[in-house]
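Let me begin by presenting the structure, written as structure tokens, before commenting on it.
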Amino acid sequence: MQLLKLIFKNAFRHRLRTFLTITGISIAILAFGLLRTVVNAWYAGVEASAANRLVSRNAISLVFPLPLSYKEKIRQIEGVTNVSYGNWFGGVYIDEKNFFANFAVEPKSYLELYPEFILPQDQKAILLRDRKGFAAGRKLVEKYKWKLGDTVVLKGTIFPGTWDFVLRGVYKGRDKSIDETQFFFHWDYLNESLKKSFPMRADQVGFYLIGIKNPNVAADVSEAVDRTFKNSLAETLTETEKAFQMSFISMSEAIVVAIQLVSFVVIIIIMAVMANTMAMSARERIAEYAVLKTLGFGGTYITALIFGESLFISSAGCIIGIILTFPAAKIFGDAMSQFFPIFNVSWNTVYLDVAASVVVGGASAIIPAYRAVSIRIAEGLRRIG
Amino acid sequence: MENKQPVIQIKNLCKSYRRGSQIIPVLENINLEIAQCEFLALMGPSGSGKSTLLNLIAGIDKADSGIINVAGTDINSLSETELAGWRAGHVGFIFQFYNLIPVLTAYENVELPLLLTGLSRKQRRAHVETALKIVNLSDRMDHYPGQLSGGQQQRVAIARAIVTDPAIVVADEPTGDLDRVSAEEVLELMERLVNELCKTIIMVTHDPRAAKKAHVIRHLDKGVLNATPQAYF
Ligand SMILES: Nc1ncnc2c1ncn2[C@@H]1O[C@H](COP(=O)(O)OP(=O)(O)OP(=O)(O)O)[C@@H](O)[C@H]1O
Ligand SMILES: [Mg+2]
């Protein structure tokens, strides 16, 4: 009890110094939390991928299509429960800077394969009936203030022309990890127009989405799909959705590693600041520690005083930092939603924050505590005035 | 002065400090006996080893050789931990610069040594109040050291030194930082500790006026202990 009181009083002896240190730690924890959240956002697609979905694409490159005729052959493969397909549309809404993912898909099977996209039954029925209809995620719809029945025009990039769609469905994610910024419409709508304008490009799909019985058959089914189209004009490369998503990230892996590195550098810097604060405080109090030892208090008590103060300051900074991280991530996530559709502070990040502050507080106390405990009493008492 | 049983017996005590490869002898073959309820003043020029000797008697430093027997214990043979426990039970400390903990009130400062005892909060309160009453500072117990004069701080320090009721009180220039009036108060208090509570006090001082209050004055010079030259007074 008395120990805690003394720790608390010691911590606030130099109000300004303590205030500045706590502020520094809060900012470091905030920066650390945001950087970790950016890294998580990068992997959000990977995290959200399901183990019972495969993606099949052209073996040469994602930019080459596959024939629509593969659909039936894939469906017949043992272990396959459902097949959907689509194209990356790459349309632009008004201006290039309004980026969001938009796909042409076969909506019925697509929604079956993505049960995490929750669409009201009535909206789904209308969407499936309307060839020009599209569905979009809740966040996207809120961002552009679209309402059901609104016509939205996209400028084609891969598929030239202006394309107009009618909002028929707004889906919600099953949980916070689900991307609510997608835009998808009838593949048939795209294909019909291509048949008229670019017949060569019709009946071609960019990717197949394959539902499988269970994750255990993923390897067998992938192999079977690829074997089926071996030595054909368009060979396939089939992999789990996770591996498919991963292949996008590996291109930018160096950036992610750099961000991770920076996040730890922030912690190391604040550790130096904290260590300096504790070293100053402990040096000033060497005579007091000597008095306590003279009175019979042992090294454990002195150590507890110094570690307690250090951990108190670092946890205060940590708590403030964590509290700030949530609104900051909200603001940051909203501003960057086109790059990071999912931008949530994970529990894991909070745990890392706590761990970092414990390490910072603990490490900063080691040397001051060692000095205070090991100095001879007579020596410590001389350091007065 | 009547002869009493010595509570402190020092035999052939030697202490030197090491500075690099150099060995600096500070105390050479000191022999000293201090009786119970005796007030002893230790004088001598600066650097003569007064503080060093006091620290050895109080068990906060270790001698190179010799025996320091305090109330039946050879403290030079105790381990660090044993010494810490021994100090807490047997010795009270008064320093030149009071050395109170600035973030604790007078009450809390006096209570500090009692935290190492098994006393309940209530028992501790009784002890602290008694000690503060002896030094006549009952009305200042909620004050912080910064709110007290030097003399008052030193009296709080005296209360802290006696709160565990130790047999021995050591004081290193307790009046060194005080004006004459405050010094007088502190010295009177120390006399009362000897006369009324039968404490054994060893006080290092430069001040002949302070030394006069003591029963015995010993003179340290260049590490050697002499009887006080009469001419001193
Ligand atoms: N830790 C140490 N290392 C080396 N030498 C020391 C150490 N402590 C004390 N000394 C030396 O020992 C001698 C005696 O020191 P001490 O402090 O006991 O003197 P003192 O009589 O109390 O002096 P003063 O009246 O100035 O307080 C001095 O020469 C001092 O320099
Ligand atoms: Mg001295």
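The values are calculated or read from the model by the stated rules, or taken from the named source; none is laboratory data. These numbers come from a predicted model, not from an experiment. Note that each Cβ is placed from the backbone with ideal geometry, even for glycine, and that neighbours are counted across all protein chains shown. Areas reflect the complete protein model, heavy atoms only, side chains present, ligands, DNA and RNA absent. Shrake-Rupley method; radii C 1.70, N 1.55, O 1.52, S 1.80 Å.
Could you check how many residues of segment A:121-178 are polar (S, T, N, Q) and in contact (Cβ under 8 Å) with a residue 12 or more places away in the chain?
4
Mind telling me which of the residues A:Ala224, A:Ala234, A:Ala243, A:Ala218 ends up being surrounded by 13 or more Cβ atoms within 10 Å (Cβ to Cβ) and assigned to a loop (DSSP other than H, G, I, E, B)?
Of the residues listed, the single one that is surrounded by 13 or more Cβ atoms within 10 Å (Cβ to Cβ) and assigned to a loop (DSSP other than H, G, I, E, B) is A:Ala234.
Can you tell me which of B:Thr200, B:Thr164 is away from ligand 2 (no atom under 16 Å from the Cβ), open to solvent by 20 Å² or more (accessible area, probe 1.4 Å) and either charged (D, E, K, R) or in contact (Cβ under 8 Å) with a residue 12 or more places away in the chain (or both)?
B:Thr164
From B:Pro102, B:Pro113, B:Pro45, which residue is open to solvent by 20 Å² or more (accessible area, probe 1.4 Å) and within 9 Å of chain A (Cβ to nearest Cβ)?
Exactly one of B:Pro102, B:Pro113, B:Pro45 is open to solvent by 20 Å² or more (accessible area, probe 1.4 Å) and within 9 Å of chain A (Cβ to nearest Cβ), namely B:Pro102.
Tell me which residues, restricted to segment B:145-154, are away from chain A (no Cβ under 14 Å) and open to solvent by 30 Å² or more (accessible area, probe 1.4 Å).
Scanning segment B:145-154 gives B:Gln147, B:Ser149, B:Gln152.
Can you name the residue in segment B:48-71 that is on the phi > 0 side of the Ramachandran plot and open to solvent by less than 40 Å² (accessible area, probe 1.4 Å) and, of all such residues, is nearest to ligand 1 (Cβ to nearest atom)?
B:Gly49
May I ask you to say which residue of A:Thr300, A:Thr277 is under 24 Å from A:Val359 (Cβ atoms), of a type outside the set (Asp, Glu) and within 14 Å of chain B (Cβ to nearest Cβ)?
When all the criteria are applied, what remains is A:Thr300.
Might you let me know whether segment A:364-377 holds any residue that is assigned by TED's automatic domain parsing to the domain that holds A:Arg13 and within 16 Å of ligand 2 (Cβ to nearest atom)?
Yes, because at least one residue in segment A:364-377 is assigned by TED's automatic domain parsing to the domain that holds A:Arg13 and within 16 Å of ligand 2 (Cβ to nearest atom).
For segment A:1-31, name all the residues that are of a type outside the set (D, E, K, R), within 14 Å of another protein chain (Cβ to nearest Cβ) and free of Cβ contacts under 8 Å to residues at least 24 places away in the same chain.
Result: A:Met1, A:Gln2, A:Phe12.
Could you tell me whether B:Val91 is crowded, with 19+ Cβ neighbours inside 10 Å and within 11 Å of another protein chain (Cβ to nearest Cβ)?
Here the answer is yes, as B:Val91 does meet what is asked.
Identify, from the list A:Lys132, A:Lys124, A:Lys145, the residue that is in contact with a helix residue (DSSP H, G or I) (Cβ under 9 Å, 6 or more places away or on another chain), surrounded by fewer than 14 Cβ atoms within 10 Å (Cβ to Cβ) and not assigned by TED's automatic domain parsing to the domain that holds A:Ala335.
Just one listed residue meets the conditions, A:Lys132.
Which residues, counting only those in segment B:189-209, are within 16 Å of ligand 1 (Cβ to nearest atom) and away from chain A (no Cβ under 14 Å)?
B:Ile202, B:Met203, B:Thr205, B:His206, B:Asp207, B:Pro208
Based on this model, can you work out whether B:Asp142 counts as out of contact with any Pro (no Cβ under 9 Å at 6 or more places or on another chain), open to solvent by 10 Å² or more (accessible area, probe 1.4 Å) and within 17 Å of A:Ala378 (Cβ to Cβ)?
Spelling it out, it is not the case that B:Asp142 is out of contact with any Pro (no Cβ under 9 Å at 6 or more places or on another chain), open to solvent by 10 Å² or more (accessible area, probe 1.4 Å) and within 17 Å of A:Ala378 (Cβ to Cβ).
In segment A:339-385, what residues are within 16 Å of ligand 1 (Cβ to nearest atom) and of a type in the set (D, E, K, R)?
A:Arg371, A:Arg376, A:Glu379, A:Arg382, A:Arg383
Residue-by-condition table, conditions (1) in contact with a strand residue (DSSP E or B) (Cβ under 6 Å, 6 or more places away or on another chain); (2) acidic (Asp, Glu):
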| residue | (1), (2) |
| --- | --- |
| A:Ile178 | no, no |
| A:Pro199 | no, no |
| A:Ala202 | no, no |
| A:Ala224 | no, no |
| A:Glu235 | no, yes |
| A:Thr238 | yes, no |
| A:Ser250 | no, no |
| A:Ala258 | no, no |
| A:Val266 | no, no |
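Please verify whether B:Pro145 is under 22 Å from B:Asn99 (Cβ atoms), of a type outside the set (Ser, Thr, Tyr) and in contact with a strand residue (DSSP E or B) (Cβ under 7 Å, 6 or more places away or on another chain), treating the condition exactly as stated.
Answer is no for this residue.
Is there a residue in segment A:236-246 that is in contact with a Phe, Trp or Tyr (Cβ under 6 Å, 6 or more places away or on another chain), under 26 Å from A:Phe340 (Cα atoms) and of a type outside the set (D, E, K, R)?
No, segment A:236-246 contains no residue that is in contact with a Phe, Trp or Tyr (Cβ under 6 Å, 6 or more places away or on another chain), under 26 Å from A:Phe340 (Cα atoms) and of a type outside the set (D, E, K, R).
Table: residues versus (1) open to solvent by less than 10 Å² (accessible area, probe 1.4 Å); (2) among the polar types (S, T, N, Q); (3) touching a helix residue (DSSP H, G or I) at 6+ places or on another chain (Cβ under 8 Å).
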position: A:Glu309; (1), (2), (3): yes, no, yes
position: A:Ser314; (1), (2), (3): yes, yes, yes
position: A:Ala355; (1), (2), (3): no, no, no
position: A:Gly362; (1), (2), (3): no, no, yes
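Looking at segment B:40-57, which of the residues that are in contact with a helix residue (DSSP H, G or I) (Cβ under 7 Å, 6 or more places away or on another chain) and within 13 Å of ligand 2 (Cβ to nearest atom) is nearest to A:Glu379 (Cα to Cα)?
My answer is B:Asn55.
Please work out which residue is farthest from the other protein chains (Cβ to nearest Cβ), limiting yourself to segment A:280-297 and to residues that are over 40 Å from the mean Cα position of the chain (by Cα) and farther than 17 Å from A:Arg382 by Cβ.
For segment A:280-297, the residue satisfying everything is A:Phe297.
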